[in-house]
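Novice: After the structure tokens below, expect a handful of questions from me.
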Amino acid sequence: MQARRQWITTHEWMVQPTAQTEWIEGQGILIWMAEVFSALGMGLYLVSLFLNNWWGMLAGWFIIVLLKLPFHFFYLGRPWRFWRAIPPFTNAWKTSWIARGMFFTSVFAGLAMIQLITTYLLDHNMVAESLVPGVLLLDWAMRILAGFFALLTGIYCGFVMSYCKAIPFWNTGLLPIVFVIMGLADGLALIMGVGLITGGVDFHAIEVASQWALIINAILITTYLINASYQSATAEYSVMQLIMGKAAKAFWIGVILLGIAVPLTISLLSIFVLEFSPVLMILAVISHTIGAFALKYCVLKVGIYRPIISRVPVY
Amino acid sequence: MKWGMVIDLTKCMRCHGCVAACRVEHFLPLRITWVKLIAYETDEGGVLDVTTFPVRCNQCKEAPCVDVCPTGASKQRADGIVEIEADKCIGCRYCVIACPYQNRTFLSKDKDPGYFPGYPQTRFEIKGKKLYPHQRGTTTKCNFCAEKIDYGLANGLTVGIDRDATPACVNTCQARALTFGDLDDPNSNISRLIVERKGLQLQQILGTDPSVYYVDGKIGGKDNKAPESAMTGSHIQHLSSVEARAKKVFPGSKKN
């Protein structure tokens, strides 16, 4: 009975630090998924672009277009109005990171599709000799533009959150950087998975790059948490929730153990063996991907509002 | 002109009249409230106290909800009122996340089960939905009864004084704890209250510049406390201790 009457009774809502729920609980799980697939898709596409792996680029494009966008779409309260957020350079576009993100993602989807087609045609000698220079030029232009918009697609998710002044744990310029670097590390892990299926991937080079990405990630996450704990009492409370509160299991097991420690250990082991073990590689890919899910879960879960009553001075 | 509100915490008597008036005025769905009452207890050196804060959309001058809206559905009128154009809202809930005061609510299906869940809509409900067609899947919030203000201005009424041009919560407040008026007019009731009683905005640190101000003996300093002679039985919640409050209510009780 108390729960049913709750919305009309006096309560202590927002007096203590209160966690956001719209983007992580109930239907908010869709946002979590969309955020994860943004990072995975962006990372895989960019890494594949750098390594010139067509299948990796295709997989990255699919992750963005067929996983990230639908999760965002179905989260909306009025999904069929989604087009209202896309037109660029409107008044909303000047300040809203979601509007910008919708535009970046849409442009990426279009440009990357053209790039995938031109690269495929060139790789399989399906272009008439006279058209090759033109198609080659188009392919390079699309690679540069699609890569740029892929980066924007990955980074805007961080800016969406870091813009929120009300949630001090998110309100830092480090967040977009953490998301991008973690996304690139995710991409390095996923390209190994792609390479196991399609071949044509230099596993040794990827392992070396992966080691550095994971070490940088570990340093970045540590810096982020230390920085947040100095920022304000509410942000410090978020950090405490992360390392020993309600998100501790997801953080220690998901982010630290599976997301960083296991892939890094496997990667370091590869220094001492000449032959790569596919089993270990698959384990590293799965472990790293779970880490990507855990990272976004943790960040969203400990998004805690500054209490609104100024007379609770400690926050 | 910029509309604003001053809430006198020394007068608020926690009757929930503003909450009810708002619900009735706007035919709010069953599980939505635009005005809320926050209560908290403090214990300062053994002196217990309970304070209530009526909260509603602060109609911030630098509104984060307007900035983050991807479609322009949330916008600020020239008079400072932040309104939501429901037909443009896509329900992304970014504004709900960005509002530092958590005064926006996403109207999901479970929040609108009808006034009598499981029964057909009453004529009152049907009429209400025509007058205020709150759209499921969009965000809602207090609009300072903008429609009443517009009506009042169009008919030569004085906003904040004439009932037909004043927000429903202000009209209803029996303790007269709410004052509504023009923040840009230095001679308006609320401008004077803010200056004389040291009006305080919530979360000033965020730079949102809310249009809702609070005055309270505790916030503005001890000098601002309402004289005890002016207090009614309803105001005793703001006496400094639970014991003093109990003595006021039960003067002859042996337990005191």
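Novice: Hey, can you grab everything whose amide H is under 5 Å from the amide H of B:Lys2? Only 5+ residues off in sequence or another chain; H modelled, so Pro and N-termini drop out.
Specialist: Result for B:Lys2 returns B:Leu183, B:Asp184, B:Asp185.
Novice: So with the 1.4 Å probe, I'd like the accessible area per residue for region A:195-239, rounded to whole Å².
Specialist: 49 Å²
Novice: What is the spread of the Cα atoms of the protein assembly as shown along each of their three principal axes, largest first, in whole Å?
Specialist: 94, 54, 50
Novice: HN-Hα J couplings of region A:60-72 from phi, Karplus 6.51/-1.76/1.60, θ = phi - 60°, integer Hz, Gly and Pro as x?
Specialist: x, 4, 4, 4, 5, 7, 9, 10, 4, 4, x, 5, 4
Novice: If you fit an axis through the alpha-carbon atoms of helix A:132-162 and take the longest principal axis of the Cα set of chain A, what angle between them do you get, 0 to 90°, nearest 10?
Specialist: Taking the Cα atoms of chain A, the angle to A:132-162 is about 10 degrees.
Novice: To continue, here is another question. What's the average, rounded to a whole number, of partner chain beta-carbon atoms within 10 Å of each residue's beta-carbon in A:72-80?
Specialist: Mean partner shielding for this stretch: 5.
Novice: Long-range amide H contacts for B:Ala39: which residues qualify at under 5 Å (H placed 1.01 Å from N, peptide plane, sequence gap of 5 or more or a different chain)?
Specialist: A:His11, A:Glu12, A:Trp13, B:Phe53
Novice: Which FRET efficiency value, to the nearest 0.05, is calculated for B:Asp184 and A:Ala233 with the Förster distance at 30 angstrom and r the Cβ-Cβ distance?
Specialist: Rounded to the nearest 0.05, the efficiency is 0.25.
Novice: Which is farthest toward the positive dipole end of the protein assembly as shown among B:Trp3, A:Cys164, A:Ala19, measuring Cα position about the Cα centre, with Cβ charges +1 (Lys, Arg) and -1 (Asp, Glu)?
Specialist: Among B:Trp3, A:Cys164, A:Ala19, the one farthest towards the positive end of the dipole of the protein assembly as shown is B:Trp3.
Novice: Now, a different point. May I ask you to order B:114-125, A:191-202 by the average number of other C-beta atoms within 10 Å around their residues, highest value first?
Specialist: Output ranking for B:114-125, A:191-202: A:191-202, B:114-125.
Novice: For A:Arg306, B:Arg163, A:Arg78, give me the order by solvent-accessible area with a 1.4 Å probe, most accessible first, ignoring ligands, DNA and RNA.
Specialist: Ranked list, largest accessible area first: B:Arg163, A:Arg78, A:Arg306.
Novice: Whose amide H sits under 5 Å from the amide H of B:Ser74, counting only residues 5 or more places off or on another chain, with H placed in the peptide plane?
Specialist: B:Glu85
Novice: What's the magnitude of the charge dipole for chain A around its Cα centre, counting Lys and Arg as +1 and Asp and Glu as -1 at the beta-carbon? Answer in Debye, nearest 20.
Specialist: With only Lys, Arg, Asp and Glu charged at Cβ, the dipole is about 1460 debye.
Novice: With θ set to phi - 60° and the Karplus curve 6.51 cos²θ - 1.76 cosθ + 1.60, what are the ³J(HN,Hα) couplings of region A:87-103 in order, to the nearest whole Hz, using x for Gly and Pro?
Specialist: After applying 6.51 cos²θ - 1.76 cosθ + 1.60, I find x, x, 6, 7, 4, 5, 4, 5, 10, 9, 6, 5, 4, 4, x, 4, 5 Hz.
Novice: Return the carbon/sulfur percentage of the accessible area of chain A, one whole number, probe 1.4 Å, all protein chains in place.
Specialist: C and S fraction of accessible area: 73 percent.
Novice: With only alpha-carbon atoms in the gyration tensor, what are the semi-axes of the equivalent ellipsoid for region A:216-315, in Å, largest first?
Specialist: Working through the eigenvalues yields semi-axes of 35, 13, 8 Å.
Novice: Can I ask one more? What length, rounded to one decimal in nm, is gained on full extension from B:Arg163 through to B:Glu196, with 0.36 nm per residue of separation minus their alpha-carbon distance?
Specialist: 9.4 nm
Novice: What quantity of accessible surface, computed with a 1.4 Å probe and excluding non-protein components, is buried in total between chains A and B, in Å² to the nearest 100?
Specialist: So the buried area, both faces added, is about 4100 Å².
Novice: With +1 on each Lys and Arg Cβ and -1 on each Asp and Glu Cβ, and nothing else charged, work out how big the dipole of region B:1-151 is about its Cα centre, in Debye to the nearest 20.
Specialist: Charge dipole of region B:1-151: 640 debye, to the nearest 20.
Novice: Quickly work out the A:Phe73-to-A:Leu269 label distance, labels modelled 7 Å from Cα along the C-beta direction, and quote it in nm with one decimal.
Specialist: So the label points at A:Leu269 and A:Phe73 sit 4.1 nm apart.
Novice: Hull surface divided by four, with the convex hull built on the Cα atoms of chain A: how many nm²?
Specialist: 19.9 nm²
Novice: Ok, one more. Could you tell me the calculated FRET efficiency between A:Leu220 and B:Gln135, based on Cβ-Cβ distance and R0 = 41 angstrom, to the nearest 0.05?
Specialist: For R0 = 41 Å, the calculated efficiency reads 0.45.
Novice: While we're on this one: Using the Cα centre of region A:8-163 as origin and beta-carbon charges of +1 (Lys, Arg) and -1 (Asp, Glu), tell me which of A:Ala85, A:Ser106, A:Ala39 is placed farthest towards the positive end of the dipole.
Specialist: Toward the positive end, the furthest listed residue is A:Ala85.
Novice: Using the Karplus curve 6.51 cos²θ - 1.76 cosθ + 1.60 with θ = phi - 60°, work out ³J(HN,Hα) for each residue of region A:289-302 in order, rounded to whole Hz, and write x for Gly and Pro.
Specialist: Calculated HN-Hα couplings, in order: 5, 4, x, 5, 5, 5, 4, 5, 4, 4, 4, 5, 5, 9 Hz.
Novice: Of A:Ser277, B:Asn189, B:Phe106, which is farthest along the charge dipole of the protein assembly as shown in the positive direction, counting Lys and Arg as +1 and Asp and Glu as -1 at C-beta?
Specialist: Among A:Ser277, B:Asn189, B:Phe106, the one farthest towards the positive end of the dipole of the protein assembly as shown is B:Asn189.
Novice: Still on this model: Report, in degrees rounded to the nearest 10, the 0 to 90 angle that the Cα long axis of helix A:233-244 makes with the longest principal axis of chain A.
Specialist: 70 degrees
Novice: Assuming R0 = 56 Å, what is the FRET efficiency of A:His204 and A:Trp83, from their Cβ-Cβ distance, to the nearest 0.05?
Specialist: 0.75
Novice: Shifting gears a bit: Between the helical axis of A:29-51 and the dominant principal axis of chain A, each derived from Cα atoms, what acute angle in degrees is found, rounded to the nearest 10?
Specialist: With rounding to tens, the tilt is 30 degrees.
Novice: Of B:Lys75/B:Lys130; A:Lys296/B:Lys109; A:Lys94/B:Lys148; A:Lys296/B:Lys129, which pairs sit farther than 29 Å apart, going by alpha carbon to alpha carbon?
Specialist: In this structure, A:Lys94/B:Lys148; A:Lys296/B:Lys129 exceed 29 Å between Cα atoms.
The values are calculated or read from the model by the stated rules, or taken from the named source; none is laboratory data. Note that the structure is a prediction, hence the values are computed from the model and not measured. Glycine gets a Cβ as well: all are built from the backbone with ideal geometry, and neighbour counts include every protein chain shown. Accessible surface areas use protein heavy atoms only, side chains included; no ligands, DNA or RNA. Shrake-Rupley method; radii C 1.70, N 1.55, O 1.52, S 1.80 Å.
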